[in-house]
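Down below is the structure, laid out as structure tokens.
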Amino acid sequence: MDFDITLKEKTEYVNRIIKEYIPKEEGFQKTVIEAMNYSLLVGGKRLRPLLMMETYNLFNDRNNVKNVNKNALDIFMVAMESIHTYSLVHDDLPAMDNDELRRGKPTTHAKYGHAMGVLAGDGLLNYAYELVSKAFNEENDLKDVANAFEIIASKPGYNGMLGGQAVDVELTGKSPSSEQIEFIYRLKTSALIEASMMIGAVLAKANEDEVQQICEIARNIGMAFQIQDDILDIVSTDEELGKPVNSDKKNNKVTYATLYGIDKAKESVKEYSQSAIDSIIQLEGKNEFLVKLVTMLISRKK
């Protein structure tokens with residue numbers, strides 16, 4: 001398997017599905033829909049839908065339940081990317097990180113104005129749940145869809161991504177402890193990765209113990225991903241990263257990398273990633289691409 005070719009093909013598949021589901025840009029509210037679609041289509045790694053799809057493939061192939069809940073999987077993949085994108089749109093706002101470059105292009109508020117940036121983020125979050133409601137149809141197992149809905153409804157909230165973001169905001173300009181930083185990362189970044197992989201497992205009919213194993217794997221992936229983000233914010237360039245570097249320093253934030261240093265941060269990325277890889281390999285079922293996707297996180301440059 002050529003990983004780069006396969007990654008490109010799978011990412012293109014995710015992009016096609018997203019384009020199929022985006023709302024039409026029409027009506028008096030056309031501008032906010034344009035801003036929502038701009039935010040979704042401006043680019044990105046599509047990591048969360050990819051992790052959802054590959055976790056689904058791992059259990060779907062093992063359970064030999066050919067494409068069970070496949071229609072629901074596509075919908076949840078788009079919904080998850082919509083939620084992730086909303087979080088980025090709001091994260092870039094002047095009241096938060098005040099960034100004007102994302103993925104090498106103007107951020108949503110920089111292009112459409114502050115107010116429309118807020119509304120576009122709100123729209124993407126609401127649209128995610130509008131999409132998920134479409135998964136409750138006769139082509140899908142309603143119990144599986146309900147379980148997946150519970151995950152996608154809770155992980156972005158106050159006990160997940162939103163809660164981590166809130167603590168991050170409160171501690172800006174202060175000296176957080178290592179425990180507080182790890183708490184922020186576990187919620188702010190890991191929560192949506194946990195949700196993505198857990199939903200993939202649930203829709204492919206993994207059992208409860210396996211779903212919890214997937215949750216732990218995803219938590220380690222999220223920690224590795226966020227610490228690598230810290231490192232890149234220090235050592236990368238605006239052009240390579242596609243967004244302003246030294247953003248954390250500009251916003252007076254203490255990160256894992258600034259608290260422990262680059263060398264320790266790099267070591268932690270490898271440890272969290274390797275723990276996740278070892279756990280995936282130990283699962284009953286194989287997915288070589290999923291292992292390589294997690295491995296890629298260690299050396300990514302953007």
- Sorted by chain and number, the residues with a modelled amide H under 5 Å from that of Arg102, at a separation of 5 or more or across chains, are Thr107
- Note on the structure: Sorted largest first, the C-alpha extents of the chain along its principal axes in whole angstrom are 52, 51, 36
- Bin by bin, in steps of 10 Å, what percent of the Cα pairs in region 57-148 do you find, going until the bin that has the longest distance? 16, 36, 23, 18, 7
- Task: Set the Förster distance to 25 Å, then compute FRET efficiency between Lys134 and Ile298 from the Cβ-Cβ distance, nearest 0.05.
- Result: 0.10
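Give the dimensionless ratio obtained when the Cα radius of gyration of region 124-229 is divided by 2.2 N^0.38 Å. Don't skip to the answer; put the middle values down first.
Values: Rg = 15.3 Å, N = 106, 2.2 N^0.38 = 12.9 Å.
This ratio for region 124-229 stands at 1.18.
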- Ranking Thr189, Thr6 by Cβ neighbours within 10 Å, fewest first, what do you get? Thr6, Thr189
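Run through region 18-102 and list the chymotrypsin sites (Phe, Trp or Tyr not before Pro) located in a DSSP loop whose Cβ has at most 15 other Cβ atoms within 10 Å. If you can, show how the numbers build up before the last one.
Working: sites: Tyr21, Phe28, Tyr38, Tyr56, Phe59, Phe76, Tyr86; in loops: Phe28.
When the chymotrypsin sites (Phe, Trp or Tyr not before Pro) of region 18-102 are filtered for loop state and at most 15 Cβ neighbours within 10 Å, Phe28 remain.
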- Message: Please list 3J(HN,Hα) in residue order for region 120-130, calculated via the Karplus relation 6.51 cos²θ - 1.76 cosθ + 1.60 where θ = phi - 60°; whole Hz, with x for glycine and proline.
- Response: 4, x, 4, x, 5, 5, 5, 5, 4, 7, 4
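Ranking Ile33, Ile184 by Cβ neighbours within 10 Å, fewest first, what do you get? List each step's numbers first, then the result.
Values: Ile33 18, Ile184 25.
The fewest-first ordering by Cβ neighbours comes to Ile33, Ile184.
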- Note on the structure: Neighbour-count ranking for Ser247, Ser273, Ser190, Ser299 (other C-beta within 10 angstrom, fewest to most) reads Ser299, Ser247, Ser273, Ser190
- Message: Given the DSSP H assignment, sum -39500 (n - 2.57) over each helix run of at least 4 residues in the chain and divide by its residue total; what's the result at 222 nm in deg cm²/dmol, nearest 500?
- Response: -23000 deg cm²/dmol
- Hey, how many Å between the Cα centroid of region 98-153 and the Cα centroid of region 1-35? 12 Å
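Since every read-out is calculated from the coordinates, none of them should be taken as a lab result. Because the structure is predicted, anything quoted here is derived from the model rather than measured. All Cβ positions, even for glycine, are placed from backbone atoms using ideal geometry, and neighbour counts span all protein chains on display.
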